[in-house]
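Visitor: Following this message is one structure expressed as structure tokens.
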Amino acid sequence: CRNINVSSNMIKNPARGGIFAQGDSNLAMITKNTIIGCGDRGIHLYNTSGVRGEISDNSIRNCKKSGIMLNRQCSAGAICNNRVESVSGSAARGIVLYDCCQVKGDISANKITKCSDNAIHISTKCTVKGGIRSNKIKAAGKNGIFVYSESGVSRIQNNVIESAKGYGIYMNTGAKGSIYANTYKKGAKSMLYVMGTTKGLVPKSVSVKK
């Protein structure tokens, strides 16, 4: 399939994922879908050419794994204005990039509440060219924003992170990016944790509200 818009669907209680794409799908956008109670991931792109435009304005709640996941050399134009709520189960994360995936624009203006793991998880040689900015994160079971080894985010900026059980922002060994003007509210072990050696990491202008 090519140039397909996946838009304005109501998906309730699927046994596995809500929206799944694999192979040479080349989607135009995934937008304005409501996904409730899926047994796996809400939106899952796996080893596909990805989404040329945005994954935006989707509402995902009560899923057993991640809300939105790009997995294995996928890309998206942007991930923005989504609401992910009450994602539970093993490694249940809000928004995930895993294994050489890329977002060409921003991960921005998303509201992520009550994930049992990291709210935003950037892993294994993934990149976010635009940045992670202006997201509202509340009650993450682990870290608010997690950037793993050899992954890069141009900037992590203007996010509000509240009541994370781990760290507000966790940068692992070899992670790259600038961090500034984020707001941390109660509950995290620490505002920012940097593990080992990083590349070009610039933390500044940290705002703390208790």
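The values are calculated or read from the model by the stated rules, or taken from the named source; none is laboratory data. Computed from a predicted model, the values in this text were never measured in an experiment. Here the Cβ is made from the backbone with ideal geometry for all residues, glycine too, and neighbour counts use every protein chain on show. Only protein heavy atoms, including side chains, enter the accessible area calculation; ligands, DNA and RNA are left aside. Shrake-Rupley method; radii C 1.70, N 1.55, O 1.52, S 1.80 Å.
Visitor: Under the rule of at least 5 residues apart or a separate chain, name every residue whose amide H is placed under 5 Å from the amide H of S178.
Guide: Amide H to amide H, under 5 Å and 5 or more residues apart or across chains, S178 pairs with R155, I156, V202.
Visitor: If you take the beta carbon distance between S149 and K186 as r and set R0 to 25 Å, what does 1/(1 + (r/R0)^6) give as a FRET efficiency, to the nearest 0.05? Kindly include the intermediate steps, with their values, before the conclusion.
Guide: Numbers: r = 29 Å, r/R0 = 1.16.
It comes to 0.30.
Visitor: Please sort 128-134, 55-61 by packing, taking for each peptide the average over its residues of neighbouring beta carbons within 10 angstrom, highest first. Before the final figure, lay out the partial values.
Guide: On the way: 128-134: 20.9, 55-61: 22.4.
Taking the mean over residues of other Cβ atoms within 10 Å, the ranking is 55-61, 128-134.
Visitor: Given a 1.4 Å probe and the protein chains all in place, what does the accessible area of E85 round to, in Å² to the nearest 10?
Guide: Solvent-accessible area, nearest 10 Å²: 70 Å².
Visitor: With θ set to phi - 60°, apply the Karplus curve 6.51 cos²θ - 1.76 cosθ + 1.60 along region 177-185 and write out the HN-Hα couplings as whole Hz, x wherever there is a Gly or Pro.
Guide: Once θ is set to phi - 60°, the couplings for region 177-185 become x, 10, 10, 7, 6, 9, 10, 10, 10 Hz.
Visitor: With +1 assigned to the C-beta of every Lys and Arg and -1 to the C-beta of every Asp and Glu, and no other charges, what is the dipole magnitude of region 2-99 about the Cα centre in debye, to the nearest 20? Before the final figure, lay out the partial values.
Guide: Working: 12 positive and 6 negative charges, 42 e Å.
I would put it at about 200 debye.
Visitor: Subtract the Cα-Cα distance of K165 and Q22 from 0.36 nm times their separation in residues, and report this length gain in nm to one decimal. Write down the numbers at each step before the final one.
Guide: Values: separation 143, 0.36 × 143 = 51.48 nm, distance 3.37 nm.
In short, 48.1 nm is gained.
Visitor: Also, I was wondering about something else. Relative contact order of region 24-167, please, whole-number percent, based on alpha carbon pairs below 8 angstrom and at least 6 residues apart. Let's see the in-between values first.
Guide: Values: 503 pairs, mean separation 24.7, N = 144.
So the answer I get is 17 percent.
Visitor: Still on this model: Roughly how many debye, to the nearest 20, is the charge dipole of the chain about its Cα centre, given +1 on each Lys and Arg Cβ, -1 on each Asp and Glu Cβ, and no other charges? List each step's numbers first, then the result.
Guide: On the way: 31 positive and 10 negative charges, 120 e Å.
Result for the chain is approximately 580 debye, rounded to the nearest 20.
Visitor: Another question about this same structure. Let me understand the chain better: what is its radius of gyration from the alpha carbons, and its Dmax, in angstrom?
Guide: Every Cα atom of the chain included, Rg and Dmax give 15.7, 49 Å.
Visitor: In nm, to one decimal, how far is the modelled label at A91 from the one at S49, with both set 7 Å along Cα→Cβ?
Guide: So the two model labels end up 2.8 nm from each other.
Visitor: Rounded, prolate or oblate: pick one for region 32-103, where a ≥ b ≥ c are the square roots of the eigenvalues of its C-alpha gyration tensor, a/c under 1.5 means rounded, and failing that, prolate if a/b is larger than b/c, else oblate.
Guide: Working: a/c = 2.18, a/b = 1.34, b/c = 1.63.
Oblate, because a/c is 1.5 or more while a/b does not exceed b/c.
Visitor: Report the Stokes-Einstein translational diffusion coefficient (µm² s⁻¹, integer) for region 91-196, Rh taken as the Kirkwood radius over Cα pairs, at 25 °C with viscosity 0.890 mPa s.
Guide: It comes out at roughly 190 µm²/s.
Visitor: At a probe size of 1.4 Å, how large is the accessible area of M29, to the nearest 10 Å²?
Guide: 80 Å²
Visitor: Using protein chains only and a probe of 1.4 angstrom, how many square angstrom of K186 are accessible, to the nearest 10?
Guide: That residue has around 120 Å² of solvent-accessible surface.
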